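Taking it in order: structure first as structure tokens, then the write-up.
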Amino acid sequence: MLSIQLSCRSLYRTICASKLPVCHATAISMPCIKPVYTPVQTISVTCTVSARVDRDSPHVKYPRQSERKEYIRGSSVFSAGAAKTRSDKNKDLEGSKPSTPRTKNSKIVLPTEPLNADGWNKLKLDNKSDGNFEDHVIDQMIKKNSDLDIAKSLLSFVAVRDGDVTYKLLLKYLVLCVQQKRSAEIYDVYEILRMKFDSLETGAHSLIIKGLSETDHWREAIASLETLKKAGTPSSRNYGECVKGAIEHREPQLAWKLYDEMLHRDMTAPEDTIQSLFNADQDLQDEDFRTRLFGILTYFRENQIYPGQPLMKTIKSWFERNPNETWKGQLAKVTDSGHCQACKEQLESIHLTPEEYDTLKKAVIDSVIKGEDTYRKTTPAELQTFLKFVDSRPPYDIVVDGLNVAYLTRNNPLSTPLLNIVSCLAARGKRILVLGRKHMVVPSKKWLKDDIRRLQAYADCFFLDNISLDDPFLLYACLSSGSHCCFITSDLLRDHKACLPNREIQQLFFKWQRGHQLVLPFYSGKGDVHLRPILTYDTILQNTQLSWHIPYDEVGVKRTTYEVPKTWLCLRKST
């Protein structure tokens, strides 16, 4: 076997010497901001309650201390990682399912050194079953991050054999070059592409931007971004790479110009881009530059963006390097009462101000209750009857999604867990509204007549038509009852949040939801009832004259979009 050491320049000469027509194959695509508000009324619902249904009189039975600790540690349903924990528990309950047999695809054994033409021909003959041999080989090279010289020998083999190399194959070779950060080869392939093809697709420009933005050829990356902008297709990653390149090459004005364009296109900057701005050389960080960095933190707050742990560490270092002030950062958690464990400062309340509450209430009524909500199925008559029902009664403390709670267990009768939970809450002096369906009042094995009768003694009940969706009714009843009222459902209401008119209202809704939604993670069937605690503080970046508190995502914690982090960076200024 002959070892061939090829340079990209020699490959360039081989390809460009071709007299054959250009082959246009399809390209691939690469992959002191706000004061704390304390409401007059606060929610007062126990984190963990327990009761058994007694056919004569309900009474409270408290969980064992070990059980209580488990649920306190579990924190809110909106805490980072809660969804994954629930998913893992469900998989454990379901048991391991037999895996579906997978079809074994034939794989080419890649060479360990560059091959000559005879070597590649032999390898191709040994793998006749594979459709497009060259594409298959280079796909495996990308996957295994193979030696670039081996890939060059493949392209040289194809160029000599066919007199040309397809656009698709060149682009895949470029992927491998970018993957290995081989800037010289990246630029050479870029020259080949520009020479052979009149225009490049988005995938090629994205690769050029990624591969050249932090090299001496970074201006070519900017040029590729300008080309993408004309087509209206640049991604936040494209912008972010160019911002990093501009900062690396001491062009802060260009970096901020590109950053502003990204925000104007309603894009969120990648975290490594934000890191590059905070890590910029100190002599670039004049007063205006630092003001722009504080603007990024304000943007995080206004858009409920949580930095990852690497970015958090960068922000911490930036504060501590401040030449004019002395800051000290410390990682911390927040107590259930909303106090930072590091500095003991009280964080902002989760509760809305009266003005925010009124704004949200109007938006929900207009957009979800009375608006053209495709998720709501009801009749005008039923809706009017319900509105009169709620408005004619005193405010409720808790609104219960009856079906959602009843189906915590699939065991019959379904009415028993619902009665158990409602009776427990009623024993604590709560005014309760239970939303159900009309089929629940028809005696059956699932819905015991005596359970429903006793349920109506503990709470007001409104039974909707069987085809009606109860979430909008739940929202109206809870919001109409006032800021003290909570609701119980495991439904996360994301569809209804999406119906709200703008991002600001949606964020108000999410804040209100986190401060008012009680969730029962499961029902044991033994009469024990446990409610997840409601956060009393807002998980959002916040500051005062002497402190910053920044919630961040821990590495390895999988947080869904409706969850919030549990870990914080506390920054204190020395006076």
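Give the ranking of 385, 544, 353 by solvent-accessible surface, highest area first, calculated with a 1.4 Å probe.
Order by accessible area, largest first: 385, 544, 353.
Relative contact order (percent) for region 355-468, with alpha-carbon contacts under 8 angstrom and 6 or more residues of separation?
27
First measure r as the distance between the Cβ atoms of residue 180 and residue 282, then evaluate 1/(1 + (r/R0)^6) with R0 = 25 Å and state the FRET efficiency to the nearest 0.05.
My answer for the efficiency is 0.20.
Which whole number in µm²/s is D for region 452-563 by Stokes-Einstein, with the Kirkwood Rh taken over Cα pairs at 10 °C and 1.306 mPa s?
Roughly 92 µm²/s, to the nearest whole number.
Starting from the Cα of residue 152, draw a straight line to each of the aspartates and glutamates and keep only those under 19 Å, dropping any in the same chain fewer than 8 residues away.
113, 118, 134, 135, 139, 162, 164, 185, 188, 191
Order the peptides 142-148, 345-351 from the highest to the lowest mean number of other Cβ atoms within 10 Å of their residues.
345-351, 142-148
Using Cα pairs under 8 angstrom and six or more residues apart, how large is the relative contact order of region 308-347, in percent?
In percent, rounded to a whole number, it is 21.
Could you work out the Rg to Rh ratio of region 381-426, with Rh taken as the Kirkwood radius (inverse of the mean 1/r over all Cα pairs)?
1.09
Looking only at Cα atoms, what is the convex hull volume of region 256-401 per residue, in Å³?
Considering the Cα atoms of region 256-401, their hull volume per residue is 203 Å³.
Checking the table 257/316; 388/438; 244/511; 257/566 against a 28 Å threshold on Cα-Cα, which pairs fail?
244/511; 257/566
When the gyration tensor of region 462-524 is built from Cα positions, what are the square roots of 5 times its three eigenvalues, in whole Å, from largest to smallest?
20, 16, 13
Taking H placed 1.01 Å from N in the peptide plane, check which residues at least 5 places from residue 349 or on another chain put their amide H under 5 Å from its amide H.
For residue 349, the qualifying residues are 37, 538.
Near the amide H of residue 463, under 5 Å away, which other amide H atoms are found, from residues 5 or more places off or on another chain, if H is placed in the peptide plane?
For residue 463, the qualifying residues are 436.
With the full set of protein chains in place, find how many percent of the accessible area of region 424-477 is carbon and sulfur; take the probe as 1.4 Å.
Percent of accessible area from carbon and sulfur atoms in region 424-477: 55.
Assigning unit charges at the beta carbon (Lys, Arg +1; Asp, Glu -1) and nothing else, what dipole magnitude in debye, to the nearest 20, does region 166-312 show about its Cα centre?
The dipole magnitude comes to about 560 debye.
The values are calculated or read from the model by the stated rules, or taken from the named source; none is laboratory data. All of these numbers come straight from a predicted model, not from anything done at the bench. Counting neighbours? That spans all protein chains shown, and the Cβs are built from the backbone with ideal geometry, glycine included. Please note that ligands, DNA and RNA were not included when accessible areas were found on the heavy atoms of the full protein model with its side chains. Shrake-Rupley method; radii C 1.70, N 1.55, O 1.52, S 1.80 Å.
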